[in-house]
Amino acid sequence: MTDATAKLRIADKDHELSTVPSTIGDVGLDIGALRSDTGFVTFDPGYANTASTESNITYIDGGNGTLWHRGYKIEDLAENCGFLEVAYLLLFGELPDQDALDAWRAKVRQHTLLNEELKRFFDAFPRSAHPMAILSSATNAISTFYEAYYNPKDPDAVRESATRLIAKMPTVAAWAYKKSIGQPYIYPRNDLSYVENFLHMMFALPVEDSPVDKVVAQALNVLLILHADHGQNCSTATVRFVGSSQANLFASVAAGMNALWGPLHGGANQEVVEMLHAIHVDPDMTVEKAVSRAKDKNDPYRLMGFGHRIYRNYDPRAKILKRFADDVLGTVSRDDPLLEIANHLEKVALEDDYFVSRKLYPNVDFYSGLIFRALGFPTRMFTVLFAIGRLPGWIANWMEMHEHGDNKIARPRQIYTGEALRDFVPIAER
Ligand code: CMC
(Lines give C-alpha, C1' and ligand atoms only; values in the text may rest on other atoms or scores of the structure.)
Protein backbone atom coordinates (compact mmCIF):
# COMPACT_ATOMS: atom_id res chain seq x y z
CA MET A 1 0.00 0.00 0.00
CA THR A 2 3.00 2.32 -0.02
CA ASP A 3 2.48 3.69 -3.57
CA ALA A 4 -1.24 4.38 -3.24
CA THR A 5 -2.59 7.80 -4.14
CA ALA A 6 -5.88 9.23 -3.02
CA LYS A 7 -8.39 11.68 -4.38
CA LEU A 8 -10.69 13.73 -2.24
CA ARG A 9 -13.80 15.09 -3.99
CA ILE A 10 -15.24 18.28 -2.53
CA ALA A 11 -18.07 20.02 -4.41
CA ASP A 12 -17.27 18.30 -7.71
CA LYS A 13 -13.61 19.18 -7.56
CA ASP A 14 -10.96 16.49 -7.11
CA HIS A 15 -7.97 17.09 -4.87
CA GLU A 16 -5.08 14.71 -5.07
CA LEU A 17 -3.50 13.68 -1.78
CA SER A 18 -0.06 12.13 -1.75
CA THR A 19 0.71 9.31 0.64
CA VAL A 20 3.24 8.99 3.42
CA PRO A 21 4.70 5.48 3.20
CA SER A 22 5.46 3.24 6.15
CA THR A 23 7.78 0.25 6.52
CA ILE A 24 4.75 -1.74 7.62
CA GLY A 25 1.30 -0.84 8.87
CA ASP A 26 -0.76 2.31 8.42
CA VAL A 27 0.07 4.50 5.41
CA GLY A 28 -0.58 8.22 5.78
CA LEU A 29 -2.53 10.65 3.63
CA ASP A 30 -0.68 13.93 3.46
CA ILE A 31 -3.24 16.65 4.10
CA GLY A 32 -0.64 19.39 4.54
CA ALA A 33 -2.13 21.49 1.72
CA LEU A 34 -5.76 20.58 2.38
CA ARG A 35 -6.82 23.79 4.07
CA SER A 36 -5.05 26.12 1.66
CA ASP A 37 -6.35 24.16 -1.39
CA THR A 38 -9.90 23.51 -0.27
CA GLY A 39 -10.72 25.65 2.77
CA PHE A 40 -11.47 22.48 4.74
CA VAL A 41 -9.72 20.96 7.72
CA THR A 42 -10.02 17.38 8.94
CA PHE A 43 -12.03 16.64 12.09
CA ASP A 44 -10.70 13.80 14.26
CA PRO A 45 -11.47 14.10 17.98
CA GLY A 46 -8.96 12.16 20.07
CA TYR A 47 -6.76 11.86 16.93
CA ALA A 48 -8.06 8.32 16.47
CA ASN A 49 -7.27 8.43 12.72
CA THR A 50 -4.43 10.91 12.67
CA ALA A 51 -0.72 10.18 12.54
CA SER A 52 0.98 13.14 14.19
CA THR A 53 4.47 12.06 13.18
CA GLU A 54 6.63 9.54 11.38
CA SER A 55 8.58 7.46 13.87
CA ASN A 56 11.03 4.58 13.72
CA ILE A 57 10.91 3.64 17.41
CA THR A 58 7.87 1.42 17.98
CA TYR A 59 5.53 -0.57 15.77
CA ILE A 60 2.15 -1.81 16.98
CA ASP A 61 -0.25 -4.00 15.03
CA GLY A 62 -3.44 -3.60 17.03
CA GLY A 63 -5.38 -6.20 15.06
CA ASN A 64 -2.86 -8.96 15.66
CA GLY A 65 -1.69 -7.82 19.09
CA THR A 66 1.91 -7.20 18.04
CA LEU A 67 4.44 -4.81 19.62
CA TRP A 68 8.02 -4.22 18.42
CA HIS A 69 10.66 -1.74 19.53
CA ARG A 70 13.21 -0.81 16.83
CA GLY A 71 12.16 -4.01 15.04
CA TYR A 72 12.52 -6.34 18.04
CA LYS A 73 9.55 -8.22 19.48
CA ILE A 74 8.52 -7.16 22.97
CA GLU A 75 8.43 -10.84 23.98
CA ASP A 76 12.15 -11.23 23.07
CA LEU A 77 13.15 -8.04 24.82
CA ALA A 78 11.21 -8.91 27.99
CA GLU A 79 12.72 -12.35 28.14
CA ASN A 80 16.34 -11.52 27.37
CA CYS A 81 17.16 -7.94 28.31
CA GLY A 82 17.74 -5.70 31.27
CA PHE A 83 15.70 -2.51 31.50
CA LEU A 84 18.70 -0.24 30.84
CA GLU A 85 19.53 -2.32 27.75
CA VAL A 86 16.03 -1.69 26.37
CA ALA A 87 16.30 1.98 27.33
CA TYR A 88 19.54 2.15 25.30
CA LEU A 89 17.79 0.51 22.34
CA LEU A 90 14.96 3.02 22.46
CA LEU A 91 17.20 6.05 22.91
CA PHE A 92 19.98 5.21 20.51
CA GLY A 93 18.32 2.88 17.99
CA GLU A 94 20.41 -0.30 18.41
CA LEU A 95 20.91 -2.94 21.08
CA PRO A 96 24.22 -2.21 22.81
CA ASP A 97 27.14 -4.65 22.71
CA GLN A 98 28.63 -5.55 26.11
CA ASP A 99 31.09 -2.63 26.15
CA ALA A 100 28.44 -0.11 25.19
CA LEU A 101 26.07 -1.51 27.79
CA ASP A 102 28.70 -1.40 30.53
CA ALA A 103 29.55 2.20 29.61
CA TRP A 104 25.86 3.18 29.58
CA ARG A 105 25.24 1.54 32.97
CA ALA A 106 28.28 3.30 34.41
CA LYS A 107 27.09 6.65 33.04
CA VAL A 108 23.65 6.18 34.59
CA ARG A 109 25.24 5.20 37.92
CA GLN A 110 27.16 8.50 37.98
CA HIS A 111 23.91 10.45 38.22
CA THR A 112 21.73 8.55 40.70
CA LEU A 113 22.08 11.11 43.51
CA LEU A 114 19.77 14.08 43.84
CA ASN A 115 21.14 17.45 44.79
CA GLU A 116 20.94 17.67 48.62
CA GLU A 117 18.87 20.85 48.35
CA LEU A 118 16.07 18.81 46.79
CA LYS A 119 15.44 17.04 50.09
CA ARG A 120 13.66 20.12 51.37
CA PHE A 121 11.51 20.07 48.26
CA PHE A 122 10.17 16.63 49.22
CA ASP A 123 9.55 17.82 52.76
CA ALA A 124 7.24 20.57 51.53
CA PHE A 125 4.57 18.12 50.35
CA PRO A 126 1.85 16.87 52.68
CA ARG A 127 2.23 13.24 53.78
CA SER A 128 -0.94 12.45 51.85
CA ALA A 129 0.44 13.76 48.52
CA HIS A 130 -0.05 11.39 45.61
CA PRO A 131 3.42 10.22 44.52
CA MET A 132 2.61 11.04 40.87
CA ALA A 133 2.20 14.70 41.85
CA ILE A 134 5.57 14.61 43.59
CA LEU A 135 7.19 12.80 40.66
CA SER A 136 6.19 15.34 38.02
CA SER A 137 6.89 18.31 40.30
CA ALA A 138 10.31 16.92 41.19
CA THR A 139 11.11 16.36 37.51
CA ASN A 140 10.50 20.05 36.89
CA ALA A 141 12.39 20.95 40.05
CA ILE A 142 15.44 18.91 39.01
CA SER A 143 15.61 20.94 35.81
CA THR A 144 16.41 24.06 37.85
CA PHE A 145 19.82 22.57 38.66
CA TYR A 146 20.66 21.96 35.01
CA GLU A 147 19.70 25.12 33.14
CA ALA A 148 22.89 24.89 31.09
CA TYR A 149 21.49 21.73 29.49
CA TYR A 150 18.13 23.12 28.29
CA ASN A 151 18.97 23.58 24.59
CA PRO A 152 17.09 20.90 22.60
CA LYS A 153 19.40 21.45 19.63
CA ASP A 154 22.58 20.59 21.55
CA PRO A 155 23.00 16.78 21.28
CA ASP A 156 25.51 16.59 24.18
CA ALA A 157 23.21 18.54 26.48
CA VAL A 158 20.24 16.39 25.47
CA ARG A 159 22.17 13.18 26.09
CA GLU A 160 23.29 14.45 29.50
CA SER A 161 19.72 15.41 30.42
CA ALA A 162 18.38 12.06 29.22
CA THR A 163 20.94 10.18 31.32
CA ARG A 164 20.21 12.30 34.38
CA LEU A 165 16.48 11.77 34.07
CA ILE A 166 16.81 8.00 33.77
CA ALA A 167 19.37 7.86 36.60
CA LYS A 168 17.47 10.05 39.04
CA MET A 169 13.90 8.88 38.49
CA PRO A 170 14.14 5.81 40.79
CA THR A 171 15.57 8.04 43.52
CA VAL A 172 12.75 10.56 43.10
CA ALA A 173 10.13 7.80 43.06
CA ALA A 174 11.51 6.07 46.15
CA TRP A 175 11.81 9.34 48.04
CA ALA A 176 8.22 10.26 47.15
CA TYR A 177 7.20 6.96 48.73
CA LYS A 178 9.41 7.38 51.81
CA LYS A 179 7.90 10.83 52.29
CA SER A 180 4.37 9.36 52.22
CA ILE A 181 5.15 6.84 54.98
CA GLY A 182 7.29 9.15 57.09
CA GLN A 183 10.49 7.12 56.74
CA PRO A 184 13.97 8.55 56.14
CA TYR A 185 15.13 8.88 52.55
CA ILE A 186 17.53 6.13 51.52
CA TYR A 187 20.46 7.09 49.31
CA PRO A 188 21.22 5.20 46.09
CA ARG A 189 23.73 2.37 46.13
CA ASN A 190 25.77 2.26 42.96
CA ASP A 191 26.99 -1.30 43.51
CA LEU A 192 23.45 -2.50 42.77
CA SER A 193 21.74 -2.83 39.40
CA TYR A 194 19.26 -0.16 38.32
CA VAL A 195 16.22 -2.14 39.47
CA GLU A 196 17.88 -3.49 42.65
CA ASN A 197 18.94 0.01 43.62
CA PHE A 198 15.37 1.25 43.23
CA LEU A 199 14.04 -1.57 45.42
CA HIS A 200 16.74 -0.80 47.97
CA MET A 201 15.76 2.88 48.14
CA MET A 202 12.06 1.93 48.38
CA PHE A 203 12.23 -0.70 51.08
CA ALA A 204 15.49 -0.40 53.06
CA LEU A 205 15.79 1.33 56.42
CA PRO A 206 18.95 2.95 57.78
CA VAL A 207 18.69 0.87 60.98
CA GLU A 208 19.04 -2.58 59.49
CA ASP A 209 20.40 -4.44 56.52
CA SER A 210 17.68 -5.58 54.11
CA PRO A 211 19.04 -7.40 51.07
CA VAL A 212 17.12 -6.94 47.83
CA ASP A 213 15.04 -9.96 46.79
CA LYS A 214 16.43 -11.14 43.42
CA VAL A 215 13.09 -12.62 42.32
CA VAL A 216 11.34 -9.33 42.95
CA ALA A 217 14.10 -7.47 41.07
CA GLN A 218 13.81 -9.80 38.07
CA ALA A 219 10.05 -9.42 37.97
CA LEU A 220 10.24 -5.63 38.21
CA ASN A 221 12.82 -5.60 35.42
CA VAL A 222 10.34 -7.33 33.10
CA LEU A 223 7.52 -5.00 34.15
CA LEU A 224 9.58 -1.91 33.41
CA ILE A 225 10.50 -3.28 29.97
CA LEU A 226 6.84 -3.95 29.18
CA HIS A 227 6.05 -0.29 29.89
CA ALA A 228 9.07 1.19 28.09
CA ASP A 229 7.36 2.61 25.01
CA HIS A 230 4.08 2.43 23.15
CA GLY A 231 3.95 4.70 20.14
CA GLN A 232 1.98 7.95 20.24
CA ASN A 233 0.03 7.25 23.42
CA CYS A 234 -1.44 10.16 25.38
CA SER A 235 1.63 10.84 27.55
CA THR A 236 4.18 10.40 24.75
CA ALA A 237 2.15 12.62 22.44
CA THR A 238 2.08 15.15 25.31
CA VAL A 239 5.87 15.00 25.65
CA ARG A 240 6.22 15.68 21.93
CA PHE A 241 3.54 18.37 22.02
CA VAL A 242 5.26 20.27 24.83
CA GLY A 243 8.70 19.63 23.33
CA SER A 244 7.53 21.04 19.99
CA SER A 245 7.55 24.51 21.60
CA GLN A 246 11.26 23.81 22.29
CA ALA A 247 10.56 23.45 26.01
CA ASN A 248 13.43 21.55 27.65
CA LEU A 249 13.43 17.79 28.11
CA PHE A 250 12.69 17.90 31.87
CA ALA A 251 9.65 20.15 31.37
CA SER A 252 8.38 18.01 28.49
CA VAL A 253 8.74 14.78 30.48
CA ALA A 254 7.05 16.32 33.54
CA ALA A 255 4.06 17.14 31.32
CA GLY A 256 4.01 13.55 30.05
CA MET A 257 3.90 12.30 33.64
CA ASN A 258 0.81 14.37 34.31
CA ALA A 259 -0.87 12.93 31.22
CA LEU A 260 0.07 9.43 32.36
CA TRP A 261 -1.51 9.95 35.77
CA GLY A 262 -5.08 10.01 34.38
CA PRO A 263 -7.22 6.92 35.05
CA LEU A 264 -7.82 6.26 31.35
CA HIS A 265 -4.06 6.04 30.77
CA GLY A 266 -1.38 4.91 33.27
CA GLY A 267 -3.56 5.67 36.28
CA ALA A 268 -5.63 2.65 35.21
CA ASN A 269 -3.26 0.25 37.00
CA GLN A 270 -4.22 1.76 40.36
CA GLU A 271 -7.89 1.86 39.33
CA VAL A 272 -7.91 -1.82 38.33
CA VAL A 273 -6.77 -2.98 41.75
CA GLU A 274 -9.20 -0.62 43.47
CA MET A 275 -12.00 -1.98 41.26
CA LEU A 276 -11.08 -5.61 42.04
CA HIS A 277 -10.77 -4.76 45.73
CA ALA A 278 -14.21 -3.15 45.72
CA ILE A 279 -15.67 -6.34 44.19
CA HIS A 280 -13.85 -8.38 46.85
CA VAL A 281 -15.01 -6.44 49.90
CA ASP A 282 -18.52 -5.41 48.90
CA PRO A 283 -20.93 -8.31 49.46
CA ASP A 284 -23.41 -6.65 47.09
CA MET A 285 -20.89 -6.40 44.25
CA THR A 286 -20.05 -9.32 41.98
CA VAL A 287 -18.03 -9.75 38.78
CA GLU A 288 -21.30 -10.10 36.86
CA LYS A 289 -22.62 -6.85 38.34
CA ALA A 290 -19.37 -5.06 37.46
CA VAL A 291 -19.65 -6.24 33.85
CA SER A 292 -23.29 -5.24 33.70
CA ARG A 293 -22.53 -1.76 35.09
CA ALA A 294 -19.69 -1.34 32.57
CA LYS A 295 -22.15 -2.03 29.73
CA ASP A 296 -24.74 0.46 30.98
CA LYS A 297 -24.34 3.66 28.97
CA ASN A 298 -26.09 5.63 31.73
CA ASP A 299 -23.48 4.53 34.26
CA PRO A 300 -19.97 6.07 34.07
CA TYR A 301 -18.52 2.80 35.45
CA ARG A 302 -15.99 1.18 33.09
CA LEU A 303 -14.05 -2.04 33.38
CA MET A 304 -10.67 -0.60 34.18
CA GLY A 305 -7.82 -2.40 32.46
CA PHE A 306 -10.08 -3.25 29.51
CA GLY A 307 -10.05 -1.72 26.04
CA HIS A 308 -7.39 0.12 24.09
CA ARG A 309 -7.33 2.69 21.31
CA ILE A 310 -4.98 0.60 19.17
CA TYR A 311 -5.46 -3.03 20.19
CA ARG A 312 -8.45 -4.88 18.84
CA ASN A 313 -6.95 -8.06 20.20
CA TYR A 314 -5.22 -9.17 23.39
CA ASP A 315 -2.57 -6.58 24.32
CA PRO A 316 0.68 -8.61 23.99
CA ARG A 317 1.96 -7.05 27.21
CA ALA A 318 -1.17 -8.21 29.05
CA LYS A 319 -0.64 -11.70 27.65
CA ILE A 320 2.89 -11.81 29.11
CA LEU A 321 1.66 -10.34 32.39
CA LYS A 322 -1.22 -12.80 32.78
CA ARG A 323 1.23 -15.72 32.69
CA PHE A 324 3.63 -13.76 34.81
CA ALA A 325 1.01 -12.96 37.48
CA ASP A 326 0.58 -16.66 38.27
CA ASP A 327 4.37 -17.22 38.33
CA VAL A 328 5.17 -14.20 40.46
CA LEU A 329 2.40 -14.81 42.95
CA GLY A 330 3.54 -18.43 43.22
CA THR A 331 7.20 -17.47 43.66
CA VAL A 332 6.71 -14.77 46.26
CA SER A 333 4.29 -17.13 48.03
CA ARG A 334 1.39 -14.75 48.10
CA ASP A 335 -2.15 -15.83 47.41
CA ASP A 336 -4.13 -12.88 46.25
CA PRO A 337 -7.92 -13.23 46.14
CA LEU A 338 -7.91 -10.36 43.66
CA LEU A 339 -6.14 -12.55 41.06
CA GLU A 340 -9.01 -14.99 41.15
CA ILE A 341 -11.49 -12.14 40.74
CA ALA A 342 -9.41 -10.75 37.84
CA ASN A 343 -9.39 -14.13 36.06
CA HIS A 344 -13.13 -14.49 36.57
CA LEU A 345 -13.79 -10.95 35.38
CA GLU A 346 -11.72 -11.49 32.25
CA LYS A 347 -13.58 -14.72 31.46
CA VAL A 348 -17.03 -13.16 31.91
CA ALA A 349 -16.14 -10.07 29.89
CA LEU A 350 -14.55 -12.00 27.04
CA GLU A 351 -17.71 -14.11 26.70
CA ASP A 352 -19.99 -11.10 26.72
CA ASP A 353 -21.24 -9.78 23.40
CA TYR A 354 -20.71 -6.14 24.48
CA PHE A 355 -16.95 -6.70 24.91
CA VAL A 356 -16.65 -9.20 22.05
CA SER A 357 -18.37 -6.96 19.50
CA ARG A 358 -16.27 -3.95 20.49
CA LYS A 359 -13.09 -6.06 20.61
CA LEU A 360 -12.34 -4.96 24.18
CA TYR A 361 -9.57 -7.08 25.69
CA PRO A 362 -7.46 -6.76 28.86
CA ASN A 363 -4.71 -4.17 28.44
CA VAL A 364 -1.32 -3.87 30.14
CA ASP A 365 -2.86 -2.35 33.25
CA PHE A 366 -5.21 -5.25 33.94
CA TYR A 367 -2.59 -7.55 35.46
CA SER A 368 0.34 -5.21 36.14
CA GLY A 369 -1.22 -3.79 39.32
CA LEU A 370 -1.70 -7.27 40.77
CA ILE A 371 1.96 -8.04 40.16
CA PHE A 372 3.15 -4.71 41.59
CA ARG A 373 1.02 -5.52 44.65
CA ALA A 374 2.50 -9.00 44.96
CA LEU A 375 5.98 -7.47 44.77
CA GLY A 376 5.12 -5.33 47.79
CA PHE A 377 4.36 -1.96 46.20
CA PRO A 378 1.52 0.14 47.62
CA THR A 379 -1.32 0.88 45.20
CA ARG A 380 -0.57 4.59 44.89
CA MET A 381 2.92 3.79 43.58
CA PHE A 382 1.69 1.74 40.60
CA THR A 383 1.49 4.63 38.14
CA VAL A 384 4.89 5.86 39.33
CA LEU A 385 6.30 2.45 38.33
CA PHE A 386 4.65 2.84 34.92
CA ALA A 387 6.34 6.27 34.65
CA ILE A 388 9.80 4.89 35.45
CA GLY A 389 9.21 2.26 32.77
CA ARG A 390 7.87 4.73 30.17
CA LEU A 391 10.64 7.28 30.69
CA PRO A 392 12.96 5.95 27.92
CA GLY A 393 10.04 5.98 25.47
CA TRP A 394 9.19 9.59 26.29
CA ILE A 395 12.81 10.64 25.92
CA ALA A 396 13.35 8.65 22.72
CA ASN A 397 10.32 10.30 21.14
CA TRP A 398 11.40 13.76 22.25
CA MET A 399 14.90 13.16 20.86
CA GLU A 400 13.54 11.76 17.60
CA MET A 401 11.35 14.81 17.13
CA HIS A 402 14.32 17.16 17.45
CA GLU A 403 16.80 14.95 15.55
CA HIS A 404 14.42 14.58 12.59
CA GLY A 405 14.02 18.31 12.40
CA ASP A 406 10.29 18.22 13.17
CA ASN A 407 10.49 21.89 13.92
CA LYS A 408 6.81 22.63 13.60
CA ILE A 409 5.13 23.63 16.82
CA ALA A 410 2.18 21.33 17.57
CA ARG A 411 -0.88 23.45 17.01
CA PRO A 412 -4.11 21.76 15.87
CA ARG A 413 -7.05 23.60 14.28
CA GLN A 414 -10.56 23.62 15.65
CA ILE A 415 -14.07 23.79 14.26
CA TYR A 416 -15.56 26.87 15.88
CA THR A 417 -19.15 26.29 17.07
CA GLY A 418 -19.66 29.40 19.22
CA GLU A 419 -21.68 32.56 18.64
CA ALA A 420 -21.46 34.44 15.36
CA LEU A 421 -20.35 38.08 15.65
CA ARG A 422 -22.52 40.04 18.10
CA ASP A 423 -22.78 43.71 19.04
CA PHE A 424 -21.06 44.50 22.32
CA VAL A 425 -23.51 45.26 25.14
CA PRO A 426 -22.37 47.72 27.85
CA ILE A 427 -22.55 46.26 31.37
CA ALA A 428 -25.42 48.49 32.49
CA GLU A 429 -27.59 47.14 29.66
CA ARG A 430 -26.95 43.41 30.18
N1 CMC B 1 -15.49 -0.65 29.82
C2 CMC B 1 -16.69 -0.52 29.19
N3 CMC B 1 -16.82 -0.05 27.93
C4 CMC B 1 -15.71 0.31 27.28
C5 CMC B 1 -14.43 0.20 27.87
C6 CMC B 1 -14.35 -0.29 29.19
N7 CMC B 1 -13.16 -0.40 29.79
N8 CMC B 1 -13.50 0.63 26.98
C9 CMC B 1 -14.17 1.00 25.88
N10 CMC B 1 -15.50 0.78 26.05
C11 CMC B 1 -16.57 1.00 25.05
C12 CMC B 1 -16.88 2.48 24.87
O13 CMC B 1 -17.91 2.88 25.75
C14 CMC B 1 -17.28 2.51 23.43
O15 CMC B 1 -18.59 2.00 23.34
P16 CMC B 1 -19.61 2.56 22.19
O17 CMC B 1 -19.01 2.12 20.88
O18 CMC B 1 -20.90 1.90 22.51
O19 CMC B 1 -19.64 4.03 22.36
C20 CMC B 1 -16.37 1.49 22.76
O21 CMC B 1 -16.06 0.56 23.80
C22 CMC B 1 -15.08 2.08 22.19
O23 CMC B 1 -14.43 2.73 23.25
P24 CMC B 1 -13.77 4.16 23.17
O25 CMC B 1 -13.90 4.84 24.48
O26 CMC B 1 -14.29 4.87 21.95
O27 CMC B 1 -12.29 3.74 22.88
P28 CMC B 1 -11.05 4.67 23.00
O29 CMC B 1 -10.07 4.17 22.05
O30 CMC B 1 -11.45 6.10 22.86
O31 CMC B 1 -10.59 4.49 24.52
C32 CMC B 1 -9.60 3.55 26.46
C33 CMC B 1 -9.61 3.61 24.92
C34 CMC B 1 -8.40 2.77 26.91
C35 CMC B 1 -9.52 4.98 27.02
C36 CMC B 1 -10.92 2.87 26.93
O37 CMC B 1 -10.97 1.57 26.44
C38 CMC B 1 -11.01 2.85 28.45
O39 CMC B 1 -11.51 3.82 29.04
N40 CMC B 1 -10.56 1.76 29.13
C41 CMC B 1 -10.53 1.73 30.59
C42 CMC B 1 -9.31 2.49 31.12
C43 CMC B 1 -8.02 1.73 30.88
O44 CMC B 1 -7.92 0.53 31.12
N45 CMC B 1 -6.99 2.45 30.42
C46 CMC B 1 -5.65 1.89 30.18
C47 CMC B 1 -5.32 1.89 28.72
S48 CMC B 1 -3.93 0.84 28.28
C49 CMC B 1 -2.50 1.50 28.95
C50 CMC B 1 -2.29 2.92 28.67
O51 CMC B 1 -2.24 3.36 27.54
O52 CMC B 1 -2.14 3.66 29.64
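The values are calculated or read from the model by the stated rules, or taken from the named source; none is laboratory data. As the structure is a prediction and not an experimental result, all values here were calculated from the model. Cβ sites come from the backbone with ideal geometry, for glycine too, and all protein chains shown count toward neighbours. For accessibility, only protein heavy atoms count, side chains too; no ligands or nucleic acids. Shrake-Rupley method; radii C 1.70, N 1.55, O 1.52, S 1.80 Å.
Ranking Ile31, Ser128, Leu8 by how far each Cα lies toward the positive end of the dipole of the chain (charges on Cβ) leaves Ser128 at the top.
Region 279-317 and region 375-415 have Cα centres spaced 26 Å apart. Which listed residue (Ser245, Pro337, Phe324) has the Cα farthest towards the positive end of the charge dipole for region 74-407, taking +1 on Lys and Arg C-beta and -1 on Asp and Glu C-beta about the Cα centre? Sorting the options by dipole projection puts first Ser245.
Using a probe radius of 1.4 angstrom, the carbon and sulfur fraction of the accessible surface of the chain is 50%. The charge dipole of region 299-430, taken about its Cα centre with unit charges on the Cβ of Lys, Arg, Asp and Glu (plus for the first two, minus for the last two), comes to roughly 300 debye. Comparing Gly307, Gly389, Gly330 in a Gaussian network model of the chain (Cα springs below 10 Å), the most mobile by mean-square fluctuation is Gly330.
Taking the Cα centre of region 5-51 as reference, the dipole from Cβ charges on Lys and Arg (+1) and Asp and Glu (-1) amounts to some 60 debye.
Judged by the gyration tensor of its Cα atoms, with axes a ≥ b ≥ c, region 223-298 is prolate; a/c meets the 1.5 cut and a/b is the larger of a/b and b/c.
Under 13 Å from the Cβ of Val348, count the other residues' Cβ atoms, weight Lys and Arg +1, Asp and Glu -1, and hand me the total. Neighbourhood net charge equals -2.
Whole percent per 5 Å bin, from 0 to the bin with the longest distance: what is P(r) over all C-alpha pairs of region 361-430? Percent of Cα pairs in each bin: 3, 11, 11, 10, 9, 9, 10, 10, 7, 6, 8, 4, 2, 0. One chain, two ends: Glu54 and Arg309. Fully extended at 0.36 nm per residue, the span grows by 90.0 nm beyond their Cα-Cα distance.
For the pair Thr144 and Asp30, the difference between a 0.36 nm per residue extended length and the Cα-Cα distance amounts to 37.1 nm.
Per residue, what accessible area does region 234-318 have, given a 1.4 Å probe and all protein chains present, in Å²?
On a per-residue basis, 43 Å².
Peptide packing: for 79-91, 105-117, the average count of neighbouring Cβ atoms within 10 Å per residue gives the ranking 79-91, 105-117, highest mean first. Estimated from the Cβ-Cβ distance and a Förster radius of 56 angstrom, the FRET efficiency linking Asp14 and Asp282 is about 0.40.
For the options Arg323, Arg390, Arg413, a Gaussian network treatment of the chain with springs between C-alpha atoms closer than 10 Å singles out Arg413 as fluctuating the most.
Under the convention that each Lys and Arg Cβ holds +1 and each Asp and Glu Cβ holds -1, the size of the dipole of the chain around its Cα centre is about 800 debye. Per residue, region 5-51 exposes 77 Å² of solvent-accessible protein surface, assessed with a 1.4 angstrom probe and all protein chains in place.
Comparing Glu346, Glu400, Glu208 in a Gaussian network model of the chain, where Cα atoms under 10 Å apart are tied by springs, the biggest mean-square fluctuation is seen for Glu208. If R0 is taken as 45 Å, the Cβ-Cβ distance between Lys73 and Glu117 corresponds to a FRET efficiency of 0.55. Per residue, region 85-127 exposes 56 Å² of accessible surface when a 1.4 Å probe is rolled over the protein heavy atoms with every protein chain present. Between Gln414 and Gln110, the FRET efficiency from the beta-carbon distance, with R0 = 41 Å, is close to 0.35. The length gained on full extension between Thr331 and Ser22, counted as 0.36 nm times the residue separation minus their Cα-Cα distance, comes to 107.0 nm. A helix-only calculation puts the chain at -15500 deg cm²/dmol for mean residue ellipticity at 222 nm, using -39500 (n - 2.57) for each DSSP H run of at least four residues, averaged over all residues. Per Stokes-Einstein, at 37 °C and 0.692 mPa s, what whole-number D in µm² s⁻¹ belongs to the chain, with the Kirkwood radius over Cα pairs as the hydrodynamic radius? Value of D from the Cα-based Kirkwood radius: 140 µm²/s.
Each Cα pair under 8 Å and six or more residues apart adds its separation to the average, and for the chain the resulting relative contact order is 19 percent.
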